[in-house]
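Heads up, the thing below is written out as structure tokens.
Taken together, the values in this text are just the output of simple stated rules run on the coordinates, not laboratory data. Only a predicted model underlies this, so the values are computations on that prediction, with no experimental measurement involved. Here the Cβ positions follow ideal geometry from the backbone for every residue, glycine too, while neighbour counts run over all protein chains shown.
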């Protein structure tokens with residue numbers, strides 16, 4: 001399927017459908033700040049929102065609502081004839097729809113798949129609406145703080161992976177002739193999200209998706225930076241005194257699993273990222 005890139009000056013009939021077409025049959029991924037924002041708008045604690053309305057430990061919204069004529073289920077937050085019940089807290093994926101956002105060389109590109117603009121088929125009523133530039137549409141959707149959160153969590157994803165690299169490269173594990181760690185990394189890169197969630201375990205899933213942050217939590221950059229600090233402290237406390245090669249192996253595998261689980265919540269190419277990290281490790285002399 002062809003992917004079309006757009007710049008902010010592209011003129012297209014961009015709008016959200018009032019009929020809620022975009023609320024059916026989608027995979028809406030979440031980062032931890034988006035989970036927090038959703039829970040705040042729902043007026044419940046983040047843990048309750050995660051446990052009731054998300055899949056895989058909080059990285060994807062549950063779609064278990066009304067079934068449409070295409071046999072697609074609605075988002076758990078969709079109310080028939082009303083729309084999204086937590087519209088002000090909706091995540092970046094919903095704010096950008098039907099566009100996707102791709103980061104290349106530190107620059108954001110907006111894209112959609114196919115030869116024609118999706119809304120022209122799914123939401124025919126947009127033909128009667130004024131046309132907006134991509135930049136105007138994104139501004140109107142209030143996407144800026146959500147894009148900042150996404151970018152910060154991409155940095156955190158790499159920071160978590162760096163811990164895995166340190167455990168492998170700086171501990172003597174790789175020099176010991178270890179080959180099973182990279183083999184495990186490769187397996188993890190191809191695991192289903194429910195398998196990866198189980199591999200990571202409740203403790204690290206909670207730390208990843210439910211950080212205890214109250215002060216300045218509305219600011220996505222501050223929230224993410226505080227979350228990063230919490231994760232680094234947790235890793236240091238848990239892995240700072242490891243001694244055996246088996247312990248180092250297990251810790252490195254766990255950190256790669258956490259990083260890749262977060263990558264999936266960010267809507268990133270999890271398999272591609274895993275392959276990139278594998279090649280990076282090999283370039284540093286690690287064997288598989």
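Arranged by the count of other C-beta atoms within 10 angstrom, fewest first, what order do 84, 23, 94 take? Intermediate results must be reported in sequence, preceding the final value.
Details: 84 19, 23 29, 94 23.
Starting with the residue having the fewest Cβ neighbours, the order is 84, 94, 23.
Assuming 0.36 nm per residue, please report the length gained on full extension of the stretch residue 48 to residue 70 beyond their Cα-Cα distance.
Extending this stretch completely gives an extra 4.9 nm.
Given 0.36 nm per residue, what is the gain on full extension from residue 162 to residue 186 after removing their alpha carbon distance, in nm?
Between residue 162 and residue 186, full extension yields an extra 7.0 nm.
Based on the alpha-carbon gyration tensor of the stretch 145-283 and its eigenvalue square roots a ≥ b ≥ c, which shape applies: rounded if a/c is under 1.5, prolate if not and a/b is larger than b/c, or oblate?
Prolate.
Roughly how many nanometres apart are two label points built 7 Å out from the Cα toward the Cβ at residue 175 and residue 245?
Here the answer is 1.3 nm between the modelled labels.
At a Förster radius of 51 Å, what calculated FRET efficiency corresponds to the Cβ-Cβ distance of residue 202 and residue 136, to the nearest 0.05?
Approximately 0.70, to the nearest 0.05.
Give me the extension gain from residue 155 to residue 222: residue separation times 0.36 nm, minus the current Cα-Cα distance, reported in nm with one decimal.
Numbers: separation 67, 0.36 × 67 = 24.12 nm, distance 1.33 nm.
That pair, residue 155 and residue 222, stretches by 22.8 nm at full extension.
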